[in-house]
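Comments concern the structure below.
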Amino acid sequence: MNEISKDAVAKLIQAHRNFFNSQQTKDLYFRIENLKRFKAAIRKYENKISDALWIDLHKSKEEAYLTETSIVLQEIDNHLKHLKKWAKSKRVPTPVQLLPSSSKIIYEPLGVSLIIAPWNYPFQLLMNSVVGAISAGCCAVLKPSPYTPRIAAVMEEMIHETFEEKYISIVQGGRDVNAILLEQRFDIIFFTGSPDLGKIVMKAAANHLTPVVLELGGKSPCIVDSGANIDIAAKRIAWGKTINAGQTCIAPDYLFVHASVKNELLKKIAMNLEHMFGKNAQESPYFPRIVNQNAMQRLQKLLLHGNIVYGGKVDIDDKYISPTIIDEVKPDFPIMQEEIFGPLLPVMTFENIETVIAYVNAHEKPLAFYYFGRNSQAKDVLSQTTSGGGCVNDTLMHITNHHLPFGGVGNSGMGRYHGQDSFLAFSHARAIVTTPTWFDLPVKYVPFKHFKWVKKIL
């Protein structure tokens, strides 16, 4: 995978712009046909995709399908089912002072898009966005992460085989290539990554007044209250924290647990971890690895504070950190200062839910929010906090419903996608008023005769 030059990037984007200006991508049947081609390509490359994810992240074939491939396939099916309805112009009411005019919204593609994806779900987070771009009628330049090179190469092969380069292209490289891409003018930038990198993208987009969708992250709280079903909470927290070895933007980042149920909960989380991965998760074919040595070293430092009550094993050479529960964590510990992005679960204890609400609200708005307890109490907690999305008595599952928007708020991102929201993310809602010529309202013209009557109508 050779990095691309600045001149080559400029030529590529101009080719995209020329193709977009040909009006072909706006044709509804062109979009539907390319969604079908996209789905067929993913089916064809399914084994290569799972093999590459195993090499890059040690993801099992099952996890690769559940968390990457199937999500994109379901997204495509959803768009194929509903795109005709979504793309149709929408009639809206016209106020009496504009009659006999009519009003409608036309959904038109924004144009040439740049989609930058991270390494943690390298297939899903790149290709799911592509579905929205195709559906809306955009062209797209795709930029995968260099930290997962095998799946990046597979995606490049698949995209080149499936689409004309002037329609959808893929560009490889590191941050130097990102910088070159961000210097160019696009009609929308869709970025998934960290808040720090999101700020760089937003600053670059401002030079061209380019709209952005930023899917970021942060420290997503998981709260287990005294009224929770502890058996269910333990199982679902253990699962949500260890999918992709915790390298998930919506993973439960830290645990706030009521003092009355803490000991039971931690014991049962540990039991569920061993049920899923055995006594030694390193030997399990279902436990992924940390992406690289830099991430390993960062995570290893987070183990230095608090009381490790389960796990704590580190193998630098194998890029392995065992599922780990850290009790007696204080808010000023390093593990509470940054998104963990690993299988480490710091635990803090509470007696009063107001303490938890105050803590969450004193920090940046998270991408996800998880509450385990009675539904009546969940309603109160949700009403006093905010997040991009979340679950009551579960983790992660809100991302799987394509009828729900997915996105952050504040530091965890802006904009949303999945389902119709993906179509809208890459579209411009154009407002049109159509006025007949057989009648011309005289009062709108200078010298505004009968203005006192006009004021009563307006």
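Beta bridges from DSSP with both residues in the chain: antiparallel share about 35 percent, rounded to the nearest 5. With helices as the sole contributors, the chain gives -12500 deg cm²/dmol at 222 nm; each DSSP H run of n ≥ 4 counts as -39500 (n - 2.57), and the sum is divided by every residue. Site pair Thr94 and Leu66 shows an inter-label distance of 5.4 nm when each label is modelled 7 Å from Cα along Cα→Cβ. Starting from the Kirkwood radius over alpha-carbon pairs of segment 221-400, derive D by Stokes-Einstein at 10 °C in a medium of 1.306 mPa s and give it in µm² s⁻¹. Estimated diffusion coefficient is 98 µm²/s.
Which whole-number percentage describes the relative contact order of the chain, with Cα contacts under 8 Å and a sequence gap of 6 or more?
Relative contact order here is 19 percent.
Taking every DSSP beta bridge that has both ends in segment 221-400, the antiparallel portion is near 25%. By the count of neighbouring beta-carbon atoms within 10 Å, fewest first, Cys138, Cys391 end up ordered Cys391, Cys138.
One entry in (i) 0.96; (ii) 1.11; (iii) 1.06 is Cα Rg over 2.2 N^0.38 Å calculated from the shown coordinates; its label is (ii).
Among the lysines of segment 87-185, pairs at least eight places apart or on separate chains and with Cα atoms under 30 Å apart come to 4.
With no solvent and one point per C-alpha, what does the Debye sum give as log10 I(q)/I(0) for segment 152-242 at q = 0.16, 0.17, 0.21, 0.22 Å⁻¹? Listed by q, the Debye log ratios stand at -0.82, -0.86, -1.07, -1.13.
Near Lys455, which lysines are there with a Cα under 17 Å away, not counting those fewer than 8 places off in the same chain? In chain and number order, the partners are Lys444. With Cα atoms as the point set, segment 56-171 shows a radius of gyration and Dmax of 18.5, 64 Å. Express in whole angstrom the spacing between the alpha-carbon centres of segment 203-236 and segment 293-339. Going from one Cα centre to the other spans 20 Å. For the residue pairs Lys59/Lys319; Lys262/Lys313; Lys26/Lys48; Lys241/Lys268; Lys241/Lys267, the C-alpha atoms sit more than 20 angstrom apart in Lys262/Lys313; Lys26/Lys48.
Kindly state, to the nearest 0.05, the FRET efficiency for His275 paired with Lys85, given R0 = 56 Å and r defined as their beta-carbon distance. Intermediate values should be presented prior to the final figure.
Details: r = 44 Å, r/R0 = 0.79.
So, using R0 = 56 Å, E works out to roughly 0.80.
Here, each number is a calculation from the coordinates, and none is a lab measurement. It should be emphasised that the depicted structure is a prediction, and the values quoted were computed from it without experimental measurement. For neighbour counting, all protein chains shown are included, and Cβ atoms are generated from backbone atoms with ideal geometry for every residue, glycine included.
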